[in-house]
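Everything on this sheet refers to the single structure shown next.
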Amino acid sequence: MSEYYLSVEFVNFASRMFWFGAILAATMLSAVILERSVYGYQLIRNQRLKDRYFPYIRRALDGDQTATRALVKCPPRYRLIIAEFLITPLIDDRDPVRIARTLEIVRAMALIPTAERLLRSRLWWRRAVAIRALGLLQARKQTAAIIAALDDLNPLVRAAALDALTDLRDPASLSAIVVRLQDASLHRGRRAAALSAFGKQGEPFLLDLAEIDSDHRLNYARALMLCGTAIARPALCRWTRDPRPNVRAATFEALAHTGLDEQAAALAIECLESAESSVRAMAARALRGWSGSVNAVPNLAKHLDDEWPVAVQAARALESMGESGLAELRGCSSRSDLAGILAKQILWEGRARC
Amino acid sequence: MLTTEALSVLSIFSIVVVSYFVLWNLAQMAMSPVASVFLWRHERRYTRRARALVDRLAAPPLVSVIVPACNEELTIAESIRALLELDYESREIVVVNDGSTDSTLNVLQRTFQLVPAPLAYLQPLPTEPVRGVYRSLSEPGLIVIDKVNGRSKADASNAGINAASGVAVLIVDADTVLEPDALSRAALPFLEDPKLVAVGGNIAITNGSRIEHGRITDVALPRSWLARFQIVEYMRSFLLFRLACAAVNGVVIISGAFGLFRRETVIAVGGYDRTAIGEDMDLTIRLQRYCRTRRRPFRIGFDPHPLGWTQAPEDRQSLRSQRYRWRRGLLQVFWRQRGMIGNPRYGVVGLLVLPYMLVFEVLGPLLETSGCIITLLAAALGLLNWKYFELMIGVSVLFGTASTLLAVLLSDIATHRYMRGRDLMLLVAVSILENCGYRQINSWWGCVGTLQAITGKGGWGVMKRRSFESER
């Protein structure tokens, strides 16, 4: 019997594939070796630079001018790496003294013009790096440039700008941040973080804008959950009459943050009877810790059998209202249904905390 | 006459096999630029400053970490301790003791001062009855649900999802070792993008690495060749295929070892299917189907960093039963979701990802095994063209090695694991040697798994587990 026949073209094709495979495998192996070599080289170089410049960095941060001068004299090719050594720890360490000294050193090393140049780079990742660095350094002279970057074409540069403004905490940037609360192209978590960074400073801007822009009241209510104070309460009380249930729910959540007065508590109690469960739940949440003259306990107790999110908020609010609320929970805990188990759970958690 | 016909069949079959091989390897190569661009963008997007967002938020969303545990007495205490040290503060841990017959519950009770406690929650997902709920006096964020064994991880996961109060649920295996920043890394896309419904993570293999107090302290390749082969398999799967899928929002598998899901969406699709063999893939595809059917903007993300580490089987029996199970799971999912394959309504998943998997994962082992069998037969009958055979073996080994090295390259960029010179030599050896036996055995197991799927036989199988301290 003979071997099976294969056309010459096919065997030629297989031979070509063999050589193609060989070249491909060799290329991949070279790429792996090259990548590892570059990585290894960078590790070694960075370690050497750390060994050499970290003592200077430490001393310069302690205010030693000789060490700062030594850093200034470092070869230009090492400057960006040293800047990275200086700036990266600021992500976790937001000590104002350290930030100010780092900024001084970076200025002395003439790195701010470099960052400004990078801000104008055509490569988006370079712009993003420069923006983040300037934010971490709290370089307030560059606030305008960072605000301008909020309108960059690249979403990751815009995200970096928002991060930088969060770190910068320059009140001059607050209005720019508040105005962009509705900008869905900016990451949601970052918008919240930026607003949280300014705390109650953002409140007046939010209230002013909310007055003229009632379409986005939901976002303003959510923002007031982060930075609202008693000043926002009258506006929030008005918003509890908003026709949109999600706005009303968010408003009560914001009121839970700002705390209630007699008028707000009365509104929350009234809204416990709202047709929307989300509004009832947030109204119950707002009443958590309420100890004013209006007695909310009987109204809340009725909602232990309500829809689940409302029941949970009502039970937690009752627990926070002292003996009268606890008595309601104890009364309910003898039941074997879900409300009874919920009451038992809340009472157990209270005891466990003690 | 018969011989002439046999020879022409052999010729045609050779062409099919060669074309298949070339196509598979070219597909792997085609994925690489997509995966590389995704990786590059990911590295620049989730910088260290970006990851600090969680710390800058006043109230990060609550994430419930769900740990289904069945007979995990050896590793459970270490696993939970490690979970309690995750750097994401706003989390609760829900351990579901799925009717363990060993002392898993006792170990938990002893270690974390558990006491019976009332816990009220709705049960939107049906599960086997819950026998009791325990809470820890030493760790306020720890809840243990003790339930009747549901004979599937899906049932235990559903029980955990029911009891969870977080907006997102992280499902992890009890023996998964998590990186300290795994949760904050995985939660970050959730904070950024309200459209995100799930995030999967890269899973690495613990074998050979040193684990101390539930943390990986030294990464090294294992001594076992079976485990080494699986390491490169995981690299290919996670850093080539899944990255490429993630780049086009076509992720169809989020590993059961680590997956973060939006709770309300998981409940909306009915949670894990208790009858599914590959419950992780089944859930991910159902999420894709649910969102695409409703034309709802959504995204399923993937983090190329190793967020979790898991033990790979080192003995042939455990590996074989795992592969049988994976195969049955794959075929079951494909059968159930056959309406999605090639259907433009399901976008890139229907038109690209599932057809790719059908051709290369569902049919691949059958074709490869039949290729081997026919080659052996031809050799036995003296019909084999040895020159051509050598050429084909060469093509197969070289292309296989190239695609594995590509995965190693991506792994290097993403994780910088196994960076010693010896590791590189071993990885090259592994990528060559896996083509000389391991792949063929795997294909054979795939065929047996297919048979089991058709006949409805086969069980979960038992994997020999070791405690973390005995890893090295």
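With the condition kept exactly as written, say whether any residue in region B:82-95 is in contact (Cβ under 8 Å) with a residue 40 or more places away in the chain, assigned to a helix (DSSP H, G or I), buried (at least 20 other Cβ atoms within 10 Å of the Cβ) and within 11 Å of chain A (Cβ to nearest Cβ). For region B:82-95, residues in contact (Cβ under 8 Å) with a residue 40 or more places away in the chain, assigned to a helix (DSSP H, G or I), buried (at least 20 other Cβ atoms within 10 Å of the Cβ) and within 11 Å of chain A (Cβ to nearest Cβ): absent. When we screen A:E319, A:E262, A:E270 for residues that are surrounded by 15 or more Cβ atoms within 10 Å (Cβ to Cβ) and either of a type outside the set (S, T, Y) or in contact (Cβ under 8 Å) with a residue 40 or more places away in the chain (or both), the only hit is A:E319. A single member of B:R320, B:R316, B:R345 is at negative phi and touching a Phe, Trp or Tyr at 6+ places or on another chain (Cβ under 6 Å), and it is B:R320.
The set of residues in region B:240-251 that are crowded, with 23+ Cβ neighbours inside 10 Å and hydrophobic (A, V, I, L, M, F, W, C) comprises B:L240, B:F241, B:L243, B:A244, B:C245, B:A246, B:V251. Screening A:G340 on (1) touching a residue at least 12 places away in the same chain (Cβ under 8 Å); (2) over 27 Å from B:S138 (Cβ atoms); (3) of a type in the set (G, A, S) shows it passes everything except condition (1).
Scanning region B:337-356 turns up no residue that is surrounded by fewer than 16 Cβ atoms within 10 Å (Cβ to Cβ), among the charged types (D, E, K, R) and closer than 30 Å to B:A220 by Cβ.
Just one residue in the set B:V144, B:V107 is more than 13 Å from chain A (Cβ to nearest Cβ), farther than 29 Å from B:A52 by Cβ and in contact (Cβ under 8 Å) with a residue 40 or more places away in the chain; that residue is B:V144.
Between A:A26, A:A60, the distinction of being crowded, with 17+ Cβ neighbours inside 10 Å, assigned to a helix (DSSP H, G or I) and more than 8 Å from every other protein chain (Cβ to nearest Cβ) belongs to A:A60 only. Scoring B:L243 on the criteria (1) outside any helix (DSSP H, G or I); (2) at pLDDT 90 or above leaves a single failure, condition (1).
Taken over region B:137-151, residues that are under 17 Å from B:D102 (Cα atoms) and assigned to a loop (DSSP other than H, G, I, E, B) amount to 4. Taking helices (runs of 4 or more DSSP H) as the structural unit, those lying wholly within region A:151-241 and holding at least 2 residues that are over 20 Å from the mean Cα position of the chain (by Cα) correspond to A:203-212, A:233-239. Of all the listed residues (B:A59, B:A35), the sole one being more than 17 Å from B:L384 (Cβ to Cβ) and modelled with pLDDT of 90 or more is B:A35. Considering A:R169, A:R140, A:R180, A:R120, the condition of being surrounded by fewer than 23 Cβ atoms within 10 Å (Cβ to Cβ) and without any contact (Cβ under 8 Å) to a residue 12 or more places away in the chain is satisfied by A:R120 alone. Of note, B:R228 does not satisfy the criterion of being modelled with pLDDT of 90 or more and touching a His at 6+ places or on another chain (Cβ under 7 Å). Going by the conditions given, is B:R49 within 9 Å of chain A (Cβ to nearest Cβ), closer than 30 Å to A:F198 by Cα and more than 27 Å from the chain's Cα centre (by Cα)? When the stated conditions are applied, B:R49 passes them. If you filter region B:118-137 down to residues that are without any contact (Cβ under 8 Å) to a residue 24 or more places away in the chain, within 24 Å of A:E307 (Cα to Cα) and facing chain A (nearest Cβ under 9 Å), you find that the one that is surrounded by the most Cβ atoms within 10 Å (Cβ to Cβ) is B:A120. Within region B:201-212, the set of residues being surrounded by fewer than 24 Cβ atoms within 10 Å (Cβ to Cβ) and small (G, A, S) comprises B:G208, B:S209. When each of B:A159, B:A186, B:A198, B:A182 is tested for being crowded, with 24+ Cβ neighbours inside 10 Å, more than 11 Å from every other protein chain (Cβ to nearest Cβ) and within 16 Å of B:A82 (Cα to Cα), the lone residue that passes is B:A182.
The set of residues in region B:383-396 that are in a helix (DSSP H, G or I) and either more than 8 Å from chain A (Cβ to nearest Cβ) or surrounded by fewer than 21 Cβ atoms within 10 Å (Cβ to Cβ) (or both) comprises B:W386, B:K387, B:Y388, B:F389, B:E390, B:L391, B:M392, B:I393, B:G394, B:S396.
Which of (1) part of a helix (DSSP H, G or I); (2) closer than 18 Å to A:I269 by Cβ is the odd one out, the single condition A:V294 does not satisfy? Condition (1) is where A:V294 drops out.
Checking each residue in region B:306-336 for being surrounded by fewer than 18 Cβ atoms within 10 Å (Cβ to Cβ) and among the charged types (D, E, K, R) picks out B:D315, B:R316, B:R336. Against the test of being free of Cβ contacts under 8 Å to residues at least 24 places away in the same chain, farther than 21 Å from B:D193 by Cα and more than 8 Å from every other protein chain (Cβ to nearest Cβ), the options B:S11, B:S19 yield a single qualifying residue, B:S19.
The values are calculated or read from the model by the stated rules, or taken from the named source; none is laboratory data. Everything numeric here is computed off the predicted structure, so don't read it as measured data. So basically every Cβ, Gly included, is an ideal-geometry build from the backbone, and we count neighbours across all protein chains shown.
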